[in-house]
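Engineer: One structure is given below, represented as structure tokens, and several questions about it will come after.
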Amino acid sequence: MLKRLYSSFVPRHKFPDYTIPLSDFKGHQLRAIQRFNQLLPQLNLLLELRDSRAPISTRNVIFDDILMNQKSPNTKRLIVYTKSDQCPPATLMKLKRWHDETEDHFMTLDARSVRDTKNLIRVLQWEYDELIKSTVGELSNNEGLPLGFRILVAGMPNVGKSTLVNSLRYAGDVKTYNPQGSIHSNISNKRRKVAKTGGQAGVTRKTSECIRIGDYRGGMYLYDTPGVSLPGRVTTREKMLSLSLCGCIKSNLVDPIIQADYLLYAMNLQTPAAYDHYTRGVATNDVYRVLKGIKHATGIRDDTGAAIHWVDKWRQGSAFAKSSKSPGHISFDVETLLEDRYFSYKDLVKRELDLLGPWTTVTAGQKKSKHSRMATNSNQLFNL
Ligand SMILES: Nc1nc2c(ncn2[C@@H]2O[C@H](COP(=O)(O)OP(=O)(O)OP(=O)(O)O)[C@@H](O)[C@H]2O)c(=O)[nH]1
């Protein structure tokens with residue numbers, strides 16, 4: 001029955017040309033970038049987090065630029081795609097191909113899972129060993145470097161940085177560990193929570209002090225950082241919508257009905273079964289038809305309220321959790337649906353670096369008067 005209804009359905013292949021803001025860049029994010037630049041010479045690894053539901057949109061070209069322009073190119077990068085529990089399997093295959101092409105190291109994980117975090121710790125220990133081998137020449141018994149292994153956890157707002165920092169801190173300290181029993185277990189021990197987490201963008205406002213994880217070779221040390229958004233000139237309308245669905249920009253920046261329409265657009269390109277319980281099994285390009293079904297199912301009275309409710313469920317990742325008939329997860333980035341001959345990740349990286357251009361004029365640690373500081377910031381924001 002559903003198949004028959006879908007077979008005549010043609011999804012939109014282009015999203016309508018709505019006007020929406022193209023940046024959510026804030027003053028504290030600029031300060032975070034200044035702090036990155038300050039810390040860079042003593043860092044061993046940049047742990048760059050991206051949301052696996054939107055691997056393209058949550059990629060921040062600013063980190064590429066910072067790493068490329070570092071004076072002593074010692075800092076390595078490991079890309080971590082979080083929220084793997086909500087990642088469509090097809091995206092995983094794409095990630096492997098893309099990163100093979102660019103020769104980046106990457107992994108996917110659920111930042112709340114002790115098992116996944118333990119795997120990450122093993123990778124970090126391996127990186128630490130490699131660093132010791134390359135600097136000292138050989139590995140000796142549990143001896144580390146004088147400053148330990150220093151890691152900066154960075155990424156867009158709300159991708160799960162603080163959650164991962166808490167998990168790493170917890171998993172690094174756990175001495176007895178049962179891999180079977182620990183899958184997806186939440187870090188519930190509040191005493192171990194060193195970083196504040198939350199479902200909204202911008203919870204972390206300042207780069208943390210060093211946080212020690214475990215005692216491997218004298219310890220590994222983390223810095224938790226505020227999420228950094230994209231400058232306006234490297235964003236697109238679709239990117240902002242994707243970021244909005246992931247919670248990486250303030251939820252009220254874009255009209256909720258437009259967000260709901262984008263969600264519908266993405267679902268139609270993947271699986272209308274993700275919403276058709278609201279439309280009696282019918283696939284549609286009409287967002288108001290879906291909102292009508294949501295209003296009916298929830299008792300919400302207005303379209304905006306229904307749109308907020310629907311988008312929020314997807315943003316939090318709870319939309320499928322309660323449904324036994326889950327048709328799978330949705331990618332918010334439509335690039336992940338394109339065949340390789342229509343989309344090249346490598347080209348995208350290059351294109352975004354060109355678009356960003358020479359922008360890193362922020363000099364770390366400069367002391368300025370309040371007035372000149374505000375002027376610099378607004379000029380830089382203007383340039384962004
Ligand atoms: N399902 C799922 N949820 C996650 C995962 N990682 C983080 N979250 C949730 O995502 C939300 C944001 O997590 P945070 O750790 O606060 O994100 P952040 O990157 O530190 O955010 P900012 O402080 O705004 O930069 C929280 O509600 C977390 O519970 C994950 O791997 N899977």
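The values are calculated or read from the model by the stated rules, or taken from the named source; none is laboratory data. Keep in mind it's a predicted model, so treat the numbers as computed, not measured. Cβ sites come from the backbone with ideal geometry, for glycine too, and all protein chains shown count toward neighbours. What goes into the accessible areas is simple: the full protein's heavy atoms, side chains included, and nothing from ligands, DNA or RNA. Shrake-Rupley method; radii C 1.70, N 1.55, O 1.52, S 1.80 Å.
Engineer: Among the listed residues T108, T58, T117, T82, which satisfies the condition of being assigned by TED's automatic domain parsing to the domain that holds T225, of a type in the set (V, I, T) and open to solvent by 10 Å² or more (accessible area, probe 1.4 Å)?
Structural biologist: T108
Engineer: Being part of a helix (DSSP H, G or I) and more than 27 Å from L338 (Cα to Cα) is the filter here, so list the residues in region 68-94 that pass it.
Structural biologist: M68
Engineer: Taking the options P16, P55, P21, name whichever one is part of a loop (DSSP other than H, G, I, E, B) and at pLDDT 95 or above.
Structural biologist: P55
Engineer: Just to verify a result, which residue in region 341-361, among those that are at pLDDT 90 or above, assigned to a loop (DSSP other than H, G, I, E, B) and not hydroxyl-bearing (S, T, Y), is most open to solvent (accessible area, probe 1.4 Å)?
Structural biologist: R341
Engineer: Considering only region 107-123, state which residues are among the aliphatic types (A, V, I, L, M) and within 14 Å of S167 (Cα to Cα).
Structural biologist: So in region 107-123, the residues among the aliphatic types (A, V, I, L, M) come out as 107, 109, 111, 114, 120-121, 123.
Residues satisfying the conditions are L109, A111, V114, L120, I121.
Engineer: Quick one: R315 ticks every box in (1) buried (at least 19 other Cβ atoms within 10 Å of the Cβ); (2) away from the ligand (no atom under 16 Å from the Cβ); (3) closer than 27 Å to T82 by Cα; (4) modelled with pLDDT under 95 bar one, so which box is it?
Structural biologist: Condition not satisfied by R315: (2).
Here is a yes/no grid of residues against (1) surrounded by 22 or more Cβ atoms within 10 Å (Cβ to Cβ); (2) within 19 Å of D215 (Cα to Cα); (3) hydroxyl-bearing (S, T, Y):
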| residue | (1), (2), (3) |
| --- | --- |
| D51 | yes, no, no |
| I66 | no, no, no |
| L124 | yes, yes, no |
| D129 | no, yes, no |
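Engineer: Oh, and also: When you look at T102, is it more than 14 Å from the ligand (Cβ to nearest atom), surrounded by 18 or more Cβ atoms within 10 Å (Cβ to Cβ) and not basic (K, R), yes or no?
Structural biologist: no
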